[in-house]
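Colleague: Structure in structure tokens, see below.
The values are calculated or read from the model by the stated rules, or taken from the named source; none is laboratory data. As the structure is a prediction and not an experimental result, all values here were calculated from the model. Here the Cβ positions follow ideal geometry from the backbone for every residue, glycine too, while neighbour counts run over all protein chains shown. The area values use the complete protein model at the heavy-atom level, side chains included, leaving out ligands, DNA and RNA. Shrake-Rupley method; radii C 1.70, N 1.55, O 1.52, S 1.80 Å.
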Amino acid sequence: MIDAKILIEKAFEAQKFCYTPYSNFNVGAALLCVDGTIYQGCNIENAALTPTNCAERTAFFKAISEGKKDFTAIAVAGNKKGVKPGDGDFCAPCAVCRQVMAEFCNLKTFKVIIAKSTEEYLEHTLEEILPFAFTSKDLE
Ligand code: THU
């Protein structure tokens, strides 16, 4: 696993492409694949609201659509537009994004890094933030 700080920097960097005219809340994500590649994602909003895509899912869908299947960790950084790293709050992935992570990641080993800055961040396994998950195993 690479240094969490590198992944957090990539998550903040991803905020530059956020399309957030409705919430003015910018979220960046950086998804680390087992092969070492990193996919960045931002939130992309829509006038009809429900088509909005979160930063985490943007990163996952970019990676999956390019053939990646194995993931190590994701860093997430979210704050109101214009707020500097360290001045914002922790932005935890929404429940829909957690469910998407559960489709593709190991609950016990995949790490979710929720960052206020490169100095201040929380690190949890997916299982810790999504206990008692509904997954493909339930359909067997
Ligand atoms: N958002 C994310 O991108 N990720 C999350 O996990 C939480 C919410 C976005 C969606 C919307 O564009 C904005 O934050 C406000 O909800």
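Colleague: Give the residues of the range 108-128 that are of a type outside the set (Gly, Ala, Ser) and over 13 Å from Ile74 (Cα atoms), sorted by residue number.
Modeller: Across the range 108-128, the qualifying residues are Lys108, Lys116, Thr118, Glu119, Glu120, Glu127, Glu128.
Colleague: Please enumerate the residues belonging to the range 9-27 that are open to solvent by 40 Å² or more (accessible area, probe 1.4 Å), within 8 Å of the ligand (Cβ to nearest atom) and hydrophobic (A, V, I, L, M, F, W, C).
Modeller: Listed by number, the list holds a single entry, Phe25.
Colleague: Please give the number of the condition Ala11 fails out of (1) at pLDDT 95 or above; (2) out of contact with any Lys or Arg (no Cβ under 6 Å at 6 or more places or on another chain); (3) more than 22 Å from Leu107 (Cβ to Cβ).
Modeller: Condition not satisfied by Ala11: (3).
Colleague: Go through the range 36-62 residue by residue and tally those that are more than 12 Å from the ligand (Cβ to nearest atom) and either polar (S, T, N, Q) or in contact with a Ser or Thr (Cβ under 8 Å, 6 or more places away or on another chain) (or both).
Modeller: First pass over the range 36-62, keeping only residues more than 12 Å from the ligand (Cβ to nearest atom): 36-40, 47-48, 61-62.
If we keep only those that are either polar (S, T, N, Q) or in contact with a Ser or Thr (Cβ under 8 Å, 6 or more places away or on another chain) (or both) as well, we get 37, 40.
Of the residues in that region, 2 qualify.
Colleague: If you don't mind, there's one more thing I want to ask. Filter the range 88-118 for residues that are touching a residue at least 40 places away in the same chain (Cβ under 8 Å) and either under 12 Å from the mean Cα position of the chain (by Cα) or surrounded by fewer than 13 Cβ atoms within 10 Å (Cβ to Cβ) (or both) and give the result. Spell out the reasoning first.
Modeller: Taking the range 88-118 as the starting set, the residues that turn out to be touching a residue at least 40 places away in the same chain (Cβ under 8 Å) are 91, 94, 96-97, 100-101, 104, 111, 113, 115, 117-118.
Those that are touching a residue at least 40 places away in the same chain (Cβ under 8 Å) and either under 12 Å from the mean Cα position of the chain (by Cα) or surrounded by fewer than 13 Cβ atoms within 10 Å (Cβ to Cβ) (or both): Cys91, Cys94, Val96, Cys97, Val100, Met101, Lys111, Ile113, Ala115.
Colleague: Still on this structure, I have one more. Would the range 67-77 turn up any residue that is under 21 Å from Phe17 (Cα atoms) and open to solvent by 40 Å² or more (accessible area, probe 1.4 Å)?
Modeller: No; the residues of the range 67-77 include none that is under 21 Å from Phe17 (Cα atoms) and open to solvent by 40 Å² or more (accessible area, probe 1.4 Å).
Colleague: When the residues of the range 28-52 are narrowed to those that are touching a Cys at 6+ places or on another chain (Cβ under 9 Å) and assigned to a strand (DSSP E or B), which ends up surrounded by the fewest Cβ atoms within 10 Å (Cβ to Cβ)? Can you show your working first?
Modeller: Within the range 28-52, the subset touching a Cys at 6+ places or on another chain (Cβ under 9 Å) is 28-29, 39, 41-45.
Filter once more, keeping what is assigned to a strand (DSSP E or B): 28-29, 39, 41-42, 44.
Details: Gly28: 30, Ala29: 30, Tyr39: 23, Gly41: 27, Cys42: 22, Ile44: 16.
Among those residues, the one meeting the criterion is Ile44.
Colleague: To continue, here is another question. Suppose we filter Phe17, Phe71 for residues that are aromatic (Phe, Trp, Tyr) and within 19 Å of Val112 (Cβ to Cβ); which single one remains? Walk me through it before giving the result.
Modeller: Details: Phe17 fails: within 19 Å of Val112 (Cβ to Cβ).
That would be Phe71, the only listed residue that is aromatic (Phe, Trp, Tyr) and within 19 Å of Val112 (Cβ to Cβ).
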